[in-house]
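Some notes on the structure that comes next.
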Amino acid sequence: PGNTYTYETLLQLKETAPYDQFYFIVGADNLFSIENWKRPEAIFANCILLAAVRDNKSTDFLLEKCCELKDKFQADIRLLPFENTPISSTQIRERVSLGQSISDFVPEPVETYIHKNQFYLKDKFY
């Protein structure tokens, strides 16, 4: 219940399914801040990190950071190229918190789920 750190979620998942492999998808920009997250060593120990490359970022710079994190944390990091999209999760959360439509950005079942569970409202914005 309540908010948890990423490493805590991964530990709970591993406890529930110790033989399963977990993949954690993040935007590639997170490669440059993940060392500052709570217990990054536990994150890397319990998942394969898939870093989604967008905004036509130079992969040379990202590959260099991947190598650095792999050496430091024995991390399994894989770059995940995908077609650039003009929307971010931050924009979706902001639009919901302002009462604006997100129908152009997410599938209808996702929008319904977000509204039904009252995610991202100003008093619940995190």
Placing one equal point scatterer on each C-alpha of the stretch 30-85 and summing with Debye, one gets log10 I(q)/I(0) at q = 0.14, 0.19, 0.23, 0.27 Å⁻¹ equal to -0.36, -0.65, -0.90, -1.15
Expressed in angstrom, Rg and Dmax over the Cα atoms of the stretch 67-126 are 16.3, 44
Protection proxy (average C-beta count within 10 Å per residue), highest first, orders 21-27, 37-43 as 37-43, 21-27
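Values quoted throughout were computed directly from the atomic coordinates according to the rules given, and no laboratory measurement underlies them. Source: prediction; values computed, not measured. Cβ atoms come from the backbone with ideal geometry, glycine included; neighbour counts cover every protein chain shown.
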